[in-house]
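Before any comments, here is the structure.
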Amino acid sequence: MAAEAKDRVLITGATGYLGRRLVKASLALGHPTFLLFRPDTASDLARCQMLMELKMEGAQLLQGSLDDRDSLISALKQVDVVVSTIAGDQILQQLKLVEAIKEAGTIKRYLPSEFGMDVDRMHHAMPPGDRVFREKRIVRRAIEEAGIPHTYISANCFAGIFLAGLAQLAIFMPPRDHVNVYGDGDKRCIWVAEEDVAMYSMLSVDDPRTLNKVVYLRPPANILSQMQVIEIWERLIGRELSKTFISEDEWISQMDKIPPFEQSAMAHFCHIYYRGELDFEVEGLAHGVDSSELYPHYKYVTAQEYLKRFV
């Protein structure tokens with residue numbers, strides 16, 4: 001008996017930080033994988049090269065644009081699942097995609113660009129970091145009002161952005177001498193390697209258990225406090241780091257002295273490392289499911305394994 005055909009997946013933002021990893025995970029799981037690209041991509045050398053590399057790995061290219069409704073709907077009618085990685089100031093551009101998905105009427109599942117904290121748990125977020133949560137909620141409500149089958153991925157803290165620098169702001173390699181610690185460094189959060197974010201996401205696209213749910217990525221060995229992460233790094237390099245402990249008031253008082261983009265990051269750090277807002281139980285949440293319960297046999301990258309890359 002022939003194996004059931006895999007859903008066809010369209011990924012927007014395929015050349016981006018997470019997008020290219022999603023493409024690789026989709027291909028690895030056997031999905032016919034399509035990449036949406038705009039005509040003006042032809043003038044961007046780096047993106048063209050990345051598209052060609054992904055094409056050589058098995059992805060297929062579909063020309064289309066969020067600003068060209070006909071081309072977008074034509075692309076949507078060739079696939080079953082859409083995964084968006086539209087980020088930054090472009091989050092609300094997904095509303096055009098939502099409208100096109102509704103009009104096409106053929107999409108089995110939409111994964112919007114989330115991949116961070118669960119935005120519906122962050123109505124109280126401090127400015128200016130609240131903007132991204134607010135805009136992602138607007139997209140969520142549009143998806144739900146349109147009746148589009150969906151899955152939201154709450155990936156918590158990307159390892160490359162948070163773990164690699166031991167949670168130092170805008171530092172992406174672990175320090176070897178000194179580290180700033182937030183409060184007592186005792187608030188637990190979840191650190192997830194980007195390749196695992198991509199694989200968990202793609203495992204969920206055709207899983208009936210994740211339909212219309214939030215999938216919380218929670219690799220058990222990676223639910224750690226900042227101090228626990230620092231201690232892992234100290235053991236790996238055989239040396240104790242000097243530490244500066246920064247209170248929440250001190251942290252907040254520095255926010256208006258830096259550029260707006262970093263202010264948003266500092267606000268998010270406050271919720272994660274001072275207020276511990278990623279440390280909650282998924283069990284019992286009607287709208288949520290835990291990746292470790294769904295995919296207990298998936299071999300994810302542990303925090304220790306990730307940090308070993310830098311030794």
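The values are calculated or read from the model by the stated rules, or taken from the named source; none is laboratory data. Given the structure is predicted, the values throughout are model-derived calculations rather than measurements. Backbone-built Cβ (ideal geometry, glycine too); neighbour counts: all protein chains shown. These area figures cover heavy atoms from the full protein model, side chains too; ligands, DNA and RNA do not enter into them. Shrake-Rupley method; radii C 1.70, N 1.55, O 1.52, S 1.80 Å.
Taking (1) modelled with pLDDT of 95 or more; (2) among the polar types (S, T, N, Q); (3) open to solvent by 10 Å² or more (accessible area, probe 1.4 Å) in turn, residue 71 satisfies each apart from (1).
Of all residue pairs spaced 6 or more apart or on separate chains, those with beta-carbon atoms under 9 Å, a first member in the range 260-286 that is touching a residue at least 40 places away in the same chain (Cβ under 8 Å) and among the polar types (S, T, N, Q) and a second member that is open to solvent by 40 Å² or more (accessible area, probe 1.4 Å) and not in a helix (DSSP H, G or I) are 263/127; 263/128; 264/127; 264/128. With a requirement of 2 or more residues that are within 22 Å of the chain's Cα centre (by Cα) and within 16 Å of residue 152 (Cβ to Cβ), the helices (runs of 4 or more DSSP H) lying completely within the range 9-121 that satisfy it span 94-104. Do the conditions hold for residue 261, that is, is it touching a Lys or Arg at 6+ places or on another chain (Cβ under 9 Å) and modelled with pLDDT under 95? No, not satisfied.
Selection within the range 33-49: residues that are open to solvent by less than 50 Å² (accessible area, probe 1.4 Å) and modelled with pLDDT of 90 or more. The member of this set that is nearest to residue 103 (Cα to Cα) is 36. Within the range 100-110, does at least one residue satisfy the condition of being farther than 21 Å from residue 26 by Cα and crowded, with 20+ Cβ neighbours inside 10 Å? Within the range 100-110, one or more residues are farther than 21 Å from residue 26 by Cα and crowded, with 20+ Cβ neighbours inside 10 Å. In the range 283-293, the residue that is most open to solvent (accessible area, probe 1.4 Å) out of those that are more than 18 Å from the chain's Cα centre (by Cα) and at negative phi is 283.
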